[in-house]
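The values are calculated or read from the model by the stated rules, or taken from the named source; none is laboratory data. Remember, predicted model here, so these are calculated numbers, not experimental data. Cβ sites come from the backbone with ideal geometry, for glycine too, and all protein chains shown count toward neighbours. SASA here: full protein model, heavy atoms, side chains in, ligands and nucleic acids out. Shrake-Rupley method; radii C 1.70, N 1.55, O 1.52, S 1.80 Å.
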Amino acid sequence: MLPCLNKQLLGFDCLGCGIQRAFFLILKGEFSAAFKMYPAIYPLIVLTLFLCLNFFFKFKHANKIINILAITSVTTILVSFTIKLINQ
């Protein structure tokens, strides 16, 4: 796996720390472990799938859906990162 340069240089996790391991846990079928590793993995997957589907099939309210999914993903990333920093 790729090392986190932010963690190596500054000593604390970045906003994306754990996403790579969480993705591989999903591929192994360990869904709860993936959520514990990086809670934003599921909103990001839903956002990515919707963006791919929207590329081939145009949805009527796609912009609104994409905005909601993006806000959900970013909020989940920030909240989980803040909780992780507080618990360190």
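Name the residue that is nearest to Asp13 (Cα to Cα), counting only residues in segment 23-74 that are touching a helix residue (DSSP H, G or I) at 6+ places or on another chain (Cβ under 8 Å) and of a type in the set (Gly, Ala, Ser).
Ala40
Going residue by residue through segment 19-34, is there one that turns out to be without any contact (Cβ under 8 Å) to a residue 12 or more places away in the chain and among the aliphatic types (A, V, I, L, M)?
yes
Give me the pairs, please: first residue somewhere in segment 1-17 and closer than 18 Å to Ile41 by Cα and aliphatic (A, V, I, L, M), second residue anywhere and open to solvent by less than 100 Å² (accessible area, probe 1.4 Å) and at pLDDT 80 or above, beta-carbon distance under 6 Å, and either six or more positions apart or on two chains.
Met1/Gln20; Leu15/Ile77; Leu15/Phe81
For segment 36-49, name all the residues that are assigned to a helix (DSSP H, G or I) and either open to solvent by 30 Å² or more (accessible area, probe 1.4 Å) or of a type in the set (Phe, Trp, Tyr) (or both).
Of everything in segment 36-49, those that are assigned to a helix (DSSP H, G or I) and either open to solvent by 30 Å² or more (accessible area, probe 1.4 Å) or of a type in the set (Phe, Trp, Tyr) (or both) turn out to be Lys36, Met37, Tyr42, Leu44, Ile45, Val46, Thr48, Leu49.
Just name the residue that is surrounded by the most Cβ atoms within 10 Å (Cβ to Cβ) out of those in segment 1-35 that are touching a Phe, Trp or Tyr at 6+ places or on another chain (Cβ under 7 Å) and in a loop (DSSP other than H, G, I, E, B).
Gly18
Filter segment 50-88 for residues that are open to solvent by 80 Å² or more (accessible area, probe 1.4 Å), among the charged types (D, E, K, R) and in a helix (DSSP H, G or I) and give the result.
If the condition is that a residue be open to solvent by 80 Å² or more (accessible area, probe 1.4 Å), among the charged types (D, E, K, R) and in a helix (DSSP H, G or I), then Lys64 is the only one that fits.
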